[in-house]
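**Student:** Quick one: this structure, given as structure tokens, is what I'll be asking you about.
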Amino acid sequence: MLTQSHFVDLPTPTGVMRTYVHRPTGDKAYPAILFYSEIFQQTGPIERAARLMAGKGYAVLVPEVFHELNPIGTVLGYDDAGRDKGNADKAAKDVQGYDSDNRAMIEYLGKQSWYNGHVGAMGFCIGGHLAFRAALQPEIKATACFYATDLHNNNIPNKPNQHSMDRLADIKGELMMIWGKQDNHVPTAGRVLVHQKLTEANLNFTWHEFNAQHAFMRDEDQRYDSELATMCYQLVLQMFCRTL
């Protein structure tokens, strides 16, 4: 399937959010995926992953997750400076800003002739958490979270009921949680805690753990595992095919 790409600058309560749109060519209507990047925003690996999903028949929206804190078009490097800046942006952004970002994208989709009314979410690293956060929106029918960071940590002091894990009752769609057992960002105890809470909340979810490190889906990283990546894309596409 051939794809096309463009961007749109969406208004949000916290400023303009550049959002990259990758979708099949032609005039047909397709389901959509809100696709969340790592802290580095839309890098080459993220764009290629989004275009891969678009080629499977989805309209894929990739927002600049820290649009309030950077000039439009910012892409951080996979180096110490990029990591430090991305982590600082993560700490600086109020979690409620992600909720308004999600609303802006969902409302934008509702006005597009190429959108068929079915939407899911997907993301890597912090983007895995942000996809989980998107699942709080009632329109989201299915969500794939790859090695989602900070779900096991409550790092929002003095803000009760704002952490994503405090709002599990708001999740109505299906979840797919994918992890690497050797991920130093999400230790075994953290994964056990997340699994326990999702089970206690009686959510509809599947759980996959692989012998892999953090960022094993990133095709420019020495931790990249192409065989596992292919398997995971198949799992996610099966879920989206059923639900979207």
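**Student:** Give the residues of segment 173-213 that are free of Cβ contacts under 8 Å to residues at least 24 places away in the same chain and under 20 Å from residue 140 (Cα atoms), sorted by residue number.
**Tutor:** 199, 202, listed by residue number.
**Student:** Sticking with this structure for a sec: Looking at segment 162-217 only, could you name the residues that are aliphatic (A, V, I, L, M) and either at positive phi or assigned to a helix (DSSP H, G or I) (or both)? Explain how you work it out, then say what you get.
**Tutor:** Keep residues of segment 162-217 that are aliphatic (A, V, I, L, M), which gives 165, 168-169, 171, 175-178, 186, 189, 192-194, 198, 201, 203, 212, 215, 217.
Hits for segment 162-217 are 165, 168, 169, 189, 192, 193, 194, 198, 215.
**Student:** Also, quick follow-up: Could you list all residues from segment 57-90 that are over 20 Å from residue 19 (Cβ atoms) and either in contact (Cβ under 8 Å) with a residue 12 or more places away in the chain or of a type in the set (Lys, Arg) (or both)?
**Tutor:** Start the filter on segment 57-90 by keeping residues that are over 20 Å from residue 19 (Cβ atoms), which leaves 77-85, 87-88.
The answer is 77, 78, 82, 83, 85, 87.
**Student:** Hey, does segment 80-98 have a residue that's closer than 19 Å to residue 30 by Cα and crowded, with 16+ Cβ neighbours inside 10 Å?
**Tutor:** No, segment 80-98 contains no residue that is closer than 19 Å to residue 30 by Cα and crowded, with 16+ Cβ neighbours inside 10 Å.
**Student:** Right, next: Which members of segment 21-34 meet the condition of being crowded, with 24+ Cβ neighbours inside 10 Å, within 13 Å of residue 244 (Cβ to Cβ) and not small (Gly, Ala, Ser)?
**Tutor:** 33, 34
**Student:** So, in segment 101-141, of the ones that are over 24 Å from residue 194 (Cα atoms) and among the acidic types (Asp, Glu), which residue ends up surrounded by the fewest Cβ atoms within 10 Å (Cβ to Cβ)?
**Tutor:** Among them, the one singled out is 107.
**Student:** Does residue 38 count as at pLDDT 95 or above and either exposed (fewer than 15 other Cβ atoms within 10 Å of the Cβ) or out of contact with any helix residue (DSSP H, G or I) (no Cβ under 8 Å at 6 or more places or on another chain) (or both)?
**Tutor:** Values: at pLDDT 95 or above: yes; either exposed (fewer than 15 other Cβ atoms within 10 Å of the Cβ) or out of contact with any helix residue (DSSP H, G or I) (no Cβ under 8 Å at 6 or more places or on another chain) (or both): no.
In short, no.
The values are calculated or read from the model by the stated rules, or taken from the named source; none is laboratory data. All of these numbers come straight from a predicted model, not from anything done at the bench. Methodologically, a virtual Cβ is constructed for each residue, glycine included, from the backbone with ideal geometry; neighbour enumeration extends over all protein chains shown.
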